[in-house]
Structures are given as structure tokens and as C-alpha cells.
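What follows is calculated from the coordinates using simple rules that are stated; it is not laboratory data. As the structure is a computational prediction, the values presented were derived from the model and not from experiment. Every residue, glycine among them, receives a Cβ derived from its backbone with ideal geometry; neighbour counts consider all protein chains shown.
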Amino acid sequence: MTAISCATVAPPRPETYRLVAPTAPTTARLARDFVTAALAAANRRVLIEEARICVSDAVANVVRQARVPELTVELTVLPGSVTVAVRDDDPTRPPWPRRAGAGEGDGRGLSLVRRIAHASGVTWVWDGLDLVGKQIWFELREGGTAPFPAADSGRGAAGLPGTVAIVDLLQSGVGRHA
């Protein structure tokens with residue numbers, strides 16, 4: 001006689017890390033250090049540089065645009081991916097994508113996040129039926145398609161001609177905030 005046993009395996013529980021900080025010019029640096037520490041603790045070091053760039057730009061956007069005293073950075077680790085959300089409690093000022101003009105130093109942050117991240121977006125935050133805020137989020141994946149092809153490919157970020165690689169962006173100072 002053959003015995004058949006059936007066991008259910010619970011999916012892995014996500015690890016969540018949270019930082020609440022003031023909306024100050026120095027908060028982008030604090031957020032970069034926070035995601036670095038959280039990803040190191042979760043043994044996801046391969047995602048640190050991309051996460052630092054994206055969280056820096058998302059936090060800088062909130063600091064410049066939202067009219068609130070604090071923001072929250074939440075990092076959730078799942079098998080194969082990490083999601084970072086930057087929340088503020090100002091539902092009246094949604095982030096709108098815009099094209100930065102030639103020579104402008106601002107206006108590239110969220111488009112940079114979209115190019116680096118596997119997925120990204122803005123989600124409204126609700127308390128029951130009341131709109132109480134919004135969050136800019138992005139997902140990074142390990143071992144997925146590299147957002148920046150090799151430098152010798154003749155193509156820039158996301159494989160599109162006329163775009164630049166992450167090294168070029170870092171050297172030009174784009175994505176660096178207080």
C-alpha cells in the first residue's frame with residue numbers, strides 16, 4: 001500500500017523595513033543609508049546601488065513637492081524582488097511627470113526611477129473612504145533583465161538610442177541629492 005501525504009507550504013513572509021523622517025533636504029541621504037542597511041540585512045546587496053538612486057530621487061521629489069512635515073520610506077523584501085515606497089500624507093499634490101529642459105537640474109528624478117526599476121508608479125493612500133496621501137513606489141528584481149545594457153552595446157538606458165547609461169548619470173550628478 002502506498003501512502004500519499006499532502007502538506008501545504010506557506011509562502012515566505014515578506015520582510016518589511018520602515019523609516020519615518022522629516023521632509024528636509026538631508027532626508028534623501030538618510031533614505032539612501034536606510035535602504036543600504038535594510039538590503040544588506042536582507043542579503044540583497046546586488047540591489048543596493050539601484051535602490052539608492054531610486055529612493056534618493058523619490059524622496060527628493062516628496063521633499064520638494066509635498067507640503068507635509070514627514071515622509072515614510074517602506075522597503076518590502078520578497079523572494080526575487082524588493083519594493084520600496086515613499087509615502088507622504090499630502091493627497092492634494094500628485095507627482096506629475098514632466099520633461100526637464102536642456103540645462104535644468106530638476107525634473108529627471110522620477111523618469112530615472114522608471115528607467116532603473118522593473119516597475120514603478122504612484123498609489124493613492126486611503127483611510128476608509130478618505131484620501132489621505134500618496135506613495136511613489138518602485139520594484140527592483142534580482143537576476144531580471146538589466147535596466148542598463150553593457151556600455152559597448154551602442155545603446156543607452158533601457159536599450160534606447162539617445163539615452164544614457166547609469167555611469168553617465170552618476171558622473172553628471174543626476175540622481176544625487178543632499
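Quick notes
- Applying both filters, DSSP loop and at most 12 other Cβ atoms within 10 Å, to the trypsin sites (Lys or Arg not before Pro) of the range 1-73 gives R67.
- Around the amide H of E70, modelled in the peptide plane, lie the amide H atoms of T23, all under 5 Å away and 5 or more residues distant in sequence or on another chain.
- Backbone phi angles across the range 21-34, fed through the Karplus curve with coefficients 6.51, -1.76 and 1.60 (θ = phi - 60°), yield HN-Hα couplings of 9, x, 7, 10, x, 7, 5, 4, 5, 4, 5, 4, 5, 4 Hz in residue order; Gly and Pro are listed as x.
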